[in-house]
Amino acid sequence: MSQPIRPSKTMDRQLPSEEAADLLALTRELVERELIPAAAEEEAVGRFPREAVRLLGRSGLLGLPYPEEYGGGGQPYEVYLQVLEELAAGRLTVGMGVSVHTLACHALATFGSERQKQDWLPAMLGGELLGAYCLSEPQSGSDAAALTTRAVRDGEDYSVTGTKAWITHGGVADFYSTTVRTGGPGAAGISVLLVPADTPGVSADAPERKMGLKGSPTAQVHFDGARVPAERLIGDEGQGFSIALSALDSGRLGIAACAVGVARAALDYAVEYARTRTQFGRPIAEFQGLSFMLADMATAVEAGRALYLSAARRRDAGLAFAKEAAMAKLFCTDAAMRVTTDAVQVLGGYGYTADHPVERYMREAKVLQIVEGTNQIQRMVIGRRLTGG
C-alpha cells in the first residue's frame, strides 16, 4: 500500500518565537516517525493509537494552550493550532483527538477553582489521561440547550442519568467533561461535571460504524445513576451552557486547523503524483487544466490557514472571536472537502482506490463539516453576529 507524501518541510510559516519553531519541528518529527507509517493500516482496521497519544503527552503536546504551572505548554493559540495542523496532516484521528482532549480540559482550565486545577489538571495535561467532551445527545444535537441528561444533588454527590451521543473517545477516555441538567428547562438549567470514566454507572456502547475516521472511536456514553462527587462541579450550577459555548468557540478553531492539515496532505500528495505521472509523453502537471486545479487547491489551503490564524490571534489578544471562529470552521472544512475531492480527481482511477491515501482524506474531510456544530450552524452564528440577532 502506498504511503502518503510526508508533510511539507519547506512551508513558509510565520511563527512568533524560536520556541514555536522548535515545537513545530518536534511535531513534524513525531508525525513522520510515529503517525504516518501506521496511519493507513490502523485506520483500515479501526485501531485507536493510544500509545501515540501518550507519546504526544510525554512530549508536551497535549496541553499546549494551558498554563505551564499546571503542566501545560503556555503557548498561544496561534502556535497550538499550527501544531494541530501538522498532526492532522499526518493522521486526522490524532489531530482531532488532541483537539477534543484540549476541548475536554477547557472547562476545568478556564472555570475551575484553583484547588480543582491543582488537583486534576496536571494529570489531564500530562498524557496519561485522555479526555472526551460530552454535550450532544441522541435527541439534542445542534439544539444543545435541549439536553436531558440530569444530575440530581444527593448529599455530597450528584446522581447522573442520561445518554450522550457522538462522543469522540467514547469508551476509551479516562474522563468526560459532561454537560448535565441540574435545574429547569433551557440554557439556565445546565451545569458541567467532570466525570471519571471508571465511575460506577458510566458505560459506553460499541463505536459507531463510520465512513471515515475509523481509528477514532465515536460512541454513545450512558450514565445510569452514576454518583459523581459534588466537588467535580465546574463553575456554578446553571453556568454550564456558557461554559460549553466558550469551549466550542475554541474547539471550532481546532477543527479548522485540522481541516487545513487534511487538505494540505491531499494537496501534497496530488502535486507529487502530478509531477511524476506521465500521459501523452509528459507529466500531467504540465496540462493547464490540471495545473489550474492544483492552483485552486493550494489557494484554498493558504486561505484557510490565514483565516484560522487570524481568529487565533484575536483570541490570543483577548478580543471577541466567536464570529471569526465560526467563519474559520466553515471555510476551512468546506475547503477541505473540495481539496480532497479534487485530489481524488487528480489521481483519476487510482485516487478511488485504497492504494493511495487521498480517498481516505476525502472520507475524513466530510466529518469535519459536521462536528463542533454543523456548517449550517456556523452560518447561523455568523449571520446573527452580523445582524445583531
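The values are calculated or read from the model by the stated rules, or taken from the named source; none is laboratory data. In this text, all values refer to a predicted model and were calculated from it rather than measured experimentally. FYI the Cβ positions are ideal-geometry reconstructions off the backbone, even for glycines, and counts take in every protein chain you see. Heavy atoms of the whole protein, side chains included, go into the accessibility calculation; ligands, DNA and RNA do not. Shrake-Rupley method; radii C 1.70, N 1.55, O 1.52, S 1.80 Å.
Below are the figures for this structure:
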item: Test result for Ser191, in contact with a strand residue (DSSP E or B) (Cβ under 7 Å, 6 or more places away or on another chain) and open to solvent by less than 20 Å² (accessible area, probe 1.4 Å); result: yes
item: Residue in region 113-121 that is among the hydroxyl-bearing types (Ser, Thr, Tyr) and within 17 Å of Trp166 (Cα to Cα) present; result: no
item: Odd one out for Glu364 among (1) open to solvent by 20 Å² or more (accessible area, probe 1.4 Å); (2) modelled with pLDDT of 95 or more; result: (1)
item: Failed item, numbered, when Gln118 is tested on (1) part of a helix (DSSP H, G or I); (2) farther than 20 Å from Ile243 by Cα; (3) modelled with pLDDT of 95 or more; (4) open to solvent by 20 Å² or more (accessible area, probe 1.4 Å); result: (2)
item: Residue, least open to solvent (accessible area, probe 1.4 Å), within region 277-312, restricted to residues that are of a type in the set (S, T, N, Q) and under 25 Å from Val260 (Cβ atoms); result: Ser291
item: Residue selected from region 199-242 under the condition out of contact with any strand residue (DSSP E or B) (no Cβ under 8 Å at 6 or more places or on another chain) and open to solvent by 70 Å² or more (accessible area, probe 1.4 Å), by the criterion nearest to Arg47 (Cα to Cα); result: Lys214
item: Ala165 being touching an Asp or Glu at 6+ places or on another chain (Cβ under 9 Å) and outside any loop (DSSP other than H, G, I, E, B); result: yes
item: Count - residues of region 43-54 that are surrounded by 18 or more Cβ atoms within 10 Å (Cβ to Cβ) and more than 21 Å from Leu129 (Cβ to Cβ); result: 1
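Quick grid of which residues meet (1) modelled with pLDDT of 95 or more; (2) touching a Lys or Arg at 6+ places or on another chain (Cβ under 9 Å):
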{"site": "Lys9", "(1), (2)": "no, yes"}
{"site": "Glu18", "(1), (2)": "no, no"}
{"site": "Val31", "(1), (2)": "yes, yes"}
{"site": "Gly73", "(1), (2)": "no, no"}
{"site": "Glu78", "(1), (2)": "yes, yes"}
{"site": "Leu87", "(1), (2)": "yes, no"}
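Yes/no per residue for (1) of a type outside the set (Phe, Trp, Tyr); (2) part of a helix (DSSP H, G or I); (3) more than 17 Å from the chain's Cα centre (by Cα); (4) surrounded by 19 or more Cβ atoms within 10 Å (Cβ to Cβ):
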| site | (1), (2), (3), (4) |
| --- | --- |
| Arg28 | yes, yes, yes, yes |
| Glu32 | yes, yes, yes, no |
| Leu35 | yes, yes, no, yes |
| Glu41 | yes, yes, yes, no |
| Leu56 | yes, yes, no, yes |
| Leu62 | yes, no, no, yes |
| Gly73 | yes, no, yes, yes |
| Val79 | yes, yes, no, yes |
| Gln82 | yes, yes, no, yes |
